[in-house]
Structures are given as structure tokens and as C-alpha cells.
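Visitor: Pasting in a structure now, in C-alpha cells, and then I'll have a few things to ask.
What follows draws every value from the coordinates through simple rules; no lab data is involved. All of these numbers come straight from a predicted model, not from anything done at the bench. When we count neighbours, we look across all protein chains shown, and the Cβ atoms used for this are built from the backbone with ideal geometry, even at glycine.
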Amino acid sequence: MGSQTKNSHWNSVAGVLRTVFPDSADPEKLRAYRAWEVWSEVVGPANAKKAQPTKFRNGKLFVTVLHPALMQELQFVKERIRRRLNRLIGAEVITHIYFGRGPIRQEDAATLSPPQRTLPQFRDATIPPIDNPEVRAAFESLLTARRRRLAKPSEDG
């Protein structure tokens with residue numbers, strides 16, 4: 001085939017996602033948020049009610065801990081926690097764990113989930129020029145489906 005075009009980054013789904021959602025499309029960052037899903041399995045349900053991941057940035061997982069005694073306990077095993085989290089995540093994305101004292105909201109303890117990322121409004125999104133017709137069609141389909149879903153009344157009330 002011919003040489004790479006000026007817009008060759010638009011010819012792969014990963015390239016489009018990185019361009020359209022530069023903060024959200026980092027695969028390593030997305031993988032790291034799996035720590036919220038497996039946290040209870042790694043530290044145990046009782047500890048998960050008193051210690052929760054709160055933020056991930058640059059390889060560092062920040063965990064809020066309710067009691068100083070538990071924070072000290074977790075400090076002793078933090079390397080084991082880090083290794084097990086990375087193993088369950090499937091990649092070495094967490095390089096350090098930092099514990100900090102703070103309040104834990106009980107409704108959060110019951111359903112640990114990663115921080116919500118804000119995405120742009122899909123109602124106004126347009127597809128930039130994409131050379132690959134299959135990739136362009138896939139994104140047009142995605143936007144159409146999302147717009148339809150946004151147009152439906154919420155079932156939650």
C-alpha cells in the first residue's frame with residue numbers, strides 16, 4: 001500500500017480514541033481503575049469497608065483509610081497489596097500505594113467504584129475526517145447509538 005498519510009492516526013480505533021478523548025483513552029489508566037473492582041478481594045471485605053481507593057495518578061494509587069491503626073497495618077503489607085492488585089489487573093500499572101487518613105462514606109464502602117469520568121456531550125459530537133471507511137462507519141454507528149440512548153427517557157425516574 002502507499003505511504004502513511006498525514007492523518008494516519010485517524011486510521012485506527014485507538015488513534016481516534018486518543019485524539020477524541022485524550023484523557024480518557026489511556027489504556028493503562030483505564031486498566032488501573034480495575035483496582036476499585038478487585039479491592040475488596042485483595043484486602044478483604046472488612047478492611048474494604050474502612051479503606052478505599054480514592055484516586056489514581058501517574059502509577060500511584062491513593063487510598064483513604066478510616067482508622068490510623070488500620071493504616072499502619074496496611075502499610076506493612078502494601079507491597080503485597082500492590083503486587084496482588086497488579087496481578088488481578090493484568091499489568092504492572094500501580095507502582096506505589098499511598099495511604100491517607102480520612103472519612104469513608106458507608107454508601108461508598110458498599111459499592112466501590114472508580115471515580116466517574118466526565119465525557120463530552122455526544123449530542124453535539126461530529127466525526128473528524130477519517131480515511132479508513134470501516135473505522136469511520138464504526139464511529140458513526142457509535143455516535144448514532146449514543147444519541148438514541150440519550151434521547152430515551154430515563155428508566156430510573
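Visitor: At 7 Å along the Cα-to-beta-carbon direction for both K60 and E41, put a label point, then send me their distance in nm to one decimal.
Guide: Rounded to a tenth, the inter-label distance reads 2.8 nm.
Visitor: If packing is taken as the mean number of other Cβ atoms within 10 Å per residue, what is the order of 49-56, 62-69, highest first?
Guide: On the way: 49-56: 19.4, 62-69: 15.8.
Averaged packing, sorted descending, gives the order 49-56, 62-69.
Visitor: Find the all-direction average of the projected area of the Cα convex hull for region 27-110, expressing the result in square nanometres with one decimal place.
Guide: For the Cα atoms of region 27-110, the hull's average projected area reads 4.8 nm².
Visitor: Take every Cα pair under 8 Å in region 27-110 that's 6+ residues apart, average their separations, divide by the length, and report that relative contact order as a whole percent. Each step should come with its number before you reach the end.
Guide: Details: 115 pairs, mean separation 31.3, N = 84.
Once divided by the residue count of region 27-110, the mean separation gives 37 percent.
Visitor: Test of understanding: ordering R146, R105 by Cβ neighbours within 10 Å, fewest first, what list do you get?
Guide: Ranking R146, R105 by Cβ neighbours within 10 Å, fewest first, gives R105, R146.
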